[in-house]
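K.L.:
To start, I am sharing the structure in question, which I have written as structure tokens.
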Amino acid sequence: MVIVDTSNEIGGDGDIPHEAIGGAWRMQVPEPSMQHKVMIEAVENHMPEVIIVDEIGTEAEALACCSIAERGSDADWHCPWRAAREHNKESYTR
């Protein structure tokens, strides 16, 4: 399990994570604008079965979630948010 802890709300503030997260690997995010990159890094470097993120609030973070989910074992899963976004992009380019 990896926790992407952007505002230190899950693992606590400081270099030593709160004992409540147990053996989970905590990845702190240096800048909120980098959260999507840390999410992808967590999956690429640690290959967790579970990834916990305290907030998803930007398009880049939503796309990172889709990318992470598509790396899973269910090859037929597709990100509905990405499909809707691509559909809307086509309607605006006509």
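The values are calculated or read from the model by the stated rules, or taken from the named source; none is laboratory data. Keep in mind that this is a model prediction, so the values were computed, not measured. Glycine also receives a Cβ, built like all others from the backbone with ideal geometry; neighbour counts cover every protein chain displayed.
K.L.:
In the range 1-26, how many residues are crowded, with 18+ Cβ neighbours inside 10 Å and in contact with a helix residue (DSSP H, G or I) (Cβ under 8 Å, 6 or more places away or on another chain)?
P.N.:
6
Rundown of residues vs (1) outside any helix (DSSP H, G or I); (2) within 16 Å of residue 5 (Cα to Cα); (3) modelled with pLDDT of 90 or more; (4) among the β-branched types (Val, Ile, Thr), yes/no style:
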position: 30; (1), (2), (3), (4): yes, yes, yes, no
position: 34; (1), (2), (3), (4): no, yes, yes, no
position: 37; (1), (2), (3), (4): no, yes, yes, no
position: 64; (1), (2), (3), (4): no, yes, yes, no
position: 74; (1), (2), (3), (4): yes, no, no, no
position: 81; (1), (2), (3), (4): no, no, no, no
position: 85; (1), (2), (3), (4): no, no, no, no
position: 91; (1), (2), (3), (4): no, no, no, no
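K.L.:
Being in a loop (DSSP other than H, G, I, E, B) and within 18 Å of residue 51 (Cβ to Cβ) is the filter here; which residues of the range 1-17 pass it?
P.N.:
Listed by number, the residues that qualify are 1, 6, 7, 8, 9, 10, 11, 17.
K.L.:
Specify the residue that is modelled with the highest pLDDT; the eligible residues are those in the range 39-56 that are over 21 Å from residue 15 (Cβ atoms) and surrounded by fewer than 12 Cβ atoms within 10 Å (Cβ to Cβ).
P.N.:
44
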